Structures are given as structure tokens and as C-alpha cells.
Amino acid sequence: MHELAVTESILNIATRHAEQAQAVRVTVVHLVMGQLSSIVDDSVQFYWDMISADTICAGAQLHFERKPATLQCLECNRVYTLSGELSDCPDCHSARLKIVSGEEFYLESIEVEAAQEPPRQDALTSIREDAIP
Amino acid sequence: MTTLRVPVVEKILSANDRLAEQNRARLDQCGIFGLNIMAAPGAGKTSTILRTIEALSSGTPGSPIALGVVEGDTAAVTIDADKIIAAGRPAVQINTGGECHIDAVMLSGALNQLPLDQIELLIVENVGNLICPAAFSLGTHANVLISSVAEGDDKPYKYPNIYRGIDALIINKIDLLPYVEYNLDYFRRGVELLNPGVLTFPLSCRTGEGVERWVEWLLRKVKRET
Ligand SMILES: Nc1nc2c(ncn2[C@@H]2O[C@H](COP(=O)(O)OP(=O)(O)O)[C@@H](O)[C@H]2O)c(=O)[nH]1
Ligand SMILES: [Mg+2]
Ligand SMILES: [Zn+2]
């Protein structure tokens, strides 16, 4: 399992962006993960708690958004969402398929606490305190 | 204290991808074709490399080809690298220290130890694993998976990710077909779902059957003929 390498990478990216935003603390990390990416989120959370201690990300919550896998049949163009394992086209049973989505794995955004208004206003969106659950 | 949401949108393994691009540029600069071989432990990665070295040393039109090998293992052993060196080719052993794959950083370090100006083909034997190597691009020009018939015919269904990113598939140990329960059609159907039209090379490192066709394909790649 390469979850440790993945978690280190998440920490690097989150830390870099937090510092750029002059944050004092990262509270939430939003990750988007396609159904087809073979990452175990429990393991990532486990490593995260270990390696983020003593960093700007200490105590931050990891939030995983799962994206379903969507396939397109190259014979009849039918687009369908995968429920279980990979299967052929439900209409024409062709096995010539294209993966439209489901492989993505990226860090979408971070929620941070900043001591002051950061310099790059344009790139940042303020969240009302009361909007945070 | 204000709370902000900072948009990021950065691929998790983007640092690895960037380094992989640098590796690729370095290989291109030296005119080297890079081949990444992935498979489960025992599928026949080292055996295939040795067969390939043999074929590219003499006999095959276009040979000899100067090649170097990078051997990846999770433990600090040099068993595979020793075999390559015994076959007369430069080899570098990467000890991944327990990691389940080679990443672009590790390959970059290994490239420093090879006589890059003297080789035309670089073969990387990835760590025996069907999950993790698929996620880490190295910068090689082709990714090849070896699946041996001894592993069973259901592997594409169980390890879909690794089948998706490959440029060619070797089906090794076909000499064992009479002794194992293996439905080649079922296997191929799974592969077709994941990677339509991917080139397959059924072969046996034991008997040598099918090796010629594989080596011809590789040689065309090395000579940039396709
Ligand atoms: N019967 C048979 N055995 C093979 C073949 N290729 C490799 N082997 C054996 O499979 C075992 C593992 O091979 P090796 O090349 O070390 O696999 P690796 O772990 O993927 O590098 C060895 O005992 C090889 O002799 C083959 O085509 N047929
Ligand atoms: Mg080996
Ligand atoms: Zn269809």
C-alpha cells in the first residue's frame, strides 16, 4: 500500500498552500477521490494523524468526496455509471469502453484560520463562521 | 481570526508526475528508450529481462543493443541485480525501504549511477506488486505488465488499475497452460474491458516460445520505428 506516500504528498500540498495564504492553522482538507483510485481512506486518515502532528495541519480533518466512475461505450456511445465492478456496456455489451471519470485524485481546497486578511484576496473565498458545521 | 477556504485543486501525486517528466527529458536527451516492467512477485520479471538481454545481445536483427537495468526491491537484496550483472549488463539496485513501488525520485537517483551515454535501452524492474506501481509514473516511454498464467485468469478483474495504464501485456509461463486451470478467453475479456486493443505477448521464459515476437516489438520501439 502506498497510502503513506500519498499522505505525505497531501501534507506537503496542504502546508504549501496554507503558508501561501499566511494561515496559522489548517482545519479541514478537502480531497476528491474517484471510485477507481485504489486508496483506502481509513489508512490515509491514520497516517495523517501521525505525520501532521507538530505541523500547521495538526488536528485538521480530512474530508473525502467520492466521485463515481462513469464509462462511455465506444460502440453505441451510451454513458453509464458503474455500480460495482467493471462491466461491459449495459445496452450493446461491448467491451470497448472509455473511462470518463472516476480516476481523479486531487486536493480540492483547504479551510484555514488566518491571523489577518491575506494578501491574495482574489484567490480566496471567505466562509462565514456560522456556515461551518 | 478569520476562517478561509483556500482553493487548491492539485493532483495528489503531482510532485511525482513532475519528476517523472524530468526523468523522461533526461532519457530523451540521451536517446534512451525507457521500459517499466510491472508484475506480481514471481510472475517472471527478472526472467523476461534475462531473456530480453539474451535476444538483444546477438542473433536478433538490429542487435546488439546496449542496455542497462534498474532493479527495484523492497528489501536490501541484490539477487536480481546480480543476475543482470552476471549477464554482462550494468544494473543498479534500488532498495525502496519497504515501499511497495518505485517512484520517480528513486528512479532519478538510479539514473545517476548508470552510464547513460552508453545505453540505448533502460529496463526498470518495478517492485513485485499489482496495485501501487500503477499510481506512480516514472517517466519511462512504455509500461509493460507481466501476468503469468500461474496467477490465474481473474487478475484483470481483481487488479483493474494496473491493466489500464499499460502499453503492452506479456502473458508469461504459457508452458504451464496444460497444468493450470486458466481460461485465456476470460482473461482476455477482462483485459479488453480495461484497455481495449492493448498488445499482448503470450510467451514462456522457460521454453523461449513467443519471446521473439516480444523482442521484435521492443526493438522497434527502441529504434523509434513505430
Ligand atoms: N514454468 C515457468 N516458470 C517460469 C517462467 N518464467 C519464470 N519462471 C519461474 O518463475 C519464478 C519467478 O521468476 P522471476 O523471473 O524471478 O520472477 P519475478 O519475481 O517477477 O522477477 C522462477 O522460479 C522462474 O524460474 C516460465 O515461462 N515458465
Ligand atoms: Mg525479480
Ligand atoms: Zn454500447
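The values are calculated or read from the model by the stated rules, or taken from the named source; none is laboratory data. Keep in mind that what you see is a predicted model, and the values were worked out from it rather than measured. Don't worry about glycine lacking a Cβ; one is built from the backbone with ideal geometry, like all the others, and counts go over all protein chains shown. Note: areas computed on protein heavy atoms with side chains; ligands, DNA, RNA excluded. Shrake-Rupley method; radii C 1.70, N 1.55, O 1.52, S 1.80 Å.
Given R0 = 22 Å, the distance between the Cβ atoms of A:Asn77 and B:Val9 translates into a calculated FRET efficiency of 0.15. Model label sites at B:Lys223 and A:Val100, defined 7 Å from Cα along the beta-carbon direction, differ in position by 4.4 nm. For the set B:Arg18, B:Arg24, B:Arg89, the ranking by accessible area, highest first and with no ligand, DNA or RNA atoms included, is B:Arg18, B:Arg24, B:Arg89 under a 1.4 Å probe. Dipole of the range B:2-222 computed with +1 at Lys/Arg Cβ and -1 at Asp/Glu Cβ about the Cα centre; of B:Leu219, B:Ser57, B:Leu4, farthest Cα towards the positive end is B:Leu4. Helix A:41-51 and the longest principal axis of the Cα set of chain A meet at an angle near 20°.
Amide H to amide H, with H built 1.01 Å from N, B:Ile170 comes under 5 Å of B:Leu145, B:Ile146, B:Ser147, B:Phe201, counting only residues 5 or more places away or on other chains. Our note on the geometry: Cα centres of the range A:88-106 and the range B:48-110, 35 Å apart. Taking a ≥ b ≥ c as the square roots of the eigenvalues of the Cα gyration tensor, the range B:112-226 is classed as prolate, since a/c reaches at least 1.5 and a/b is larger than b/c.
Excluding ligands, DNA and RNA and using a 1.4 Å probe, chains A and B jointly bury around 3500 Å² of accessible surface, summed across both partners. Filter the cross-link list A:Lys98/B:Lys45; A:Lys67/B:Lys11; B:Lys158/B:Lys223; A:Lys67/B:Lys221 down to pairs whose alpha-carbon distance in this structure exceeds 25 Å. The answer is A:Lys98/B:Lys45; B:Lys158/B:Lys223; A:Lys67/B:Lys221. Considering helices alone, the calculated mean residue ellipticity of chain B at 222 nm is -10000 deg cm²/dmol, with DSSP H runs of length four and up weighted by -39500 (n - 2.57) and normalised per residue.
Counting pairs of alpha carbon atoms under 8 Å apart in space and at least six apart in sequence, what relative contact order in percent does chain B give? This gives 24 percent for chain B. Express the relative contact order of chain A as a whole percentage, based on alpha carbon pairs under 8 Å and six or more residues apart in sequence. In percent, rounded to a whole number, it is 34. Within 10 Å of the Cβ of each residue in B:10-21, the mean number of Cβ atoms contributed by other protein chains is 4. From the Cα gyration tensor of the range B:2-222, with a ≥ b ≥ c the square roots of its eigenvalues, which class applies: rounded if a/c is under 1.5, or else prolate if a/b is larger than b/c, or else oblate? Cα axes put the range B:2-222 in the oblate bin. Just check chain A against the gyration tensor rule for me: Cα atoms, a ≥ b ≥ c as the square roots of the eigenvalues, rounded for a/c under 1.5, and otherwise prolate or oblate depending on whether a/b exceeds b/c. Judged from the Cα gyration tensor, chain A comes out prolate (a/c at least 1.5, a/b above b/c). In this structure, the amide hydrogen of A:Arg25, modeled 1.01 Å from its nitrogen in the peptide plane, lies closer than 5 angstrom to those of A:Glu113, counting only residues at least 5 positions away or on a different chain. Rounded to the nearest 0.05, the FRET efficiency derived from the C-beta distance between B:Val198 and A:Ala58 at R0 = 45 Å is 0.50.
Quick check: net charge around A:Ile99, other residues with Cβ under 15 Å of its Cβ, Lys/Arg +1 and Asp/Glu -1?
So the environment of A:Ile99 carries a net charge of 0.
Carbon-plus-sulfur fraction of the accessible area of the range B:124-226, 1.4 Å probe, in percent? Percent of accessible area from carbon and sulfur atoms in the range B:124-226: 47.
Using the Cβ of B:Gln22 as centre and a radius below 13 Å, the other residues enclosed give a net charge of -1, where K and R count +1 and D and E count -1.
Peptide B:132-141 shows a mean partner chain C-beta count of 2 within 10 Å per residue C-beta.
Take the Cβ atoms of A:Glu8 and A:Glu65, set R0 to 25 Å, and the FRET efficiency comes out at 0.75. Extending 7 Å from Cα along the Cβ direction at B:Cys30 and again at B:Arg213 yields two label points whose distance is 3.2 nm.
Database remark: amide H of A:Ser109 closer than 5 angstrom to the amide H of A:His30, B:Val8, B:Val9 (H placed geometrically; neighbours at sequence offset of 5 or more, or on other chains; Pro and chain starts carry no H). With pairing defined as another cysteine C-beta under 4.7 Å, the cysteines of chain B that fail it are B:Cys30, B:Cys205. Averaged over its residues, the range B:2-222 has an accessible area of 40 Å² per residue, based on protein heavy atoms and a 1.4 Å probe. Simple spin-label estimate for B:Tyr186 and B:Ser58 gives 4.5 nm between the two label positions (7 Å along the Cα-to-Cβ direction from each Cα). Applying the Karplus relation 6.51 cos²θ - 1.76 cosθ + 1.60 with θ = phi - 60° to the range A:93-102 yields 3J(HN,Hα) values of 6, 6, 9, 8, 10, 10, 7, 7, 8, x Hz, where x marks Gly and Pro.
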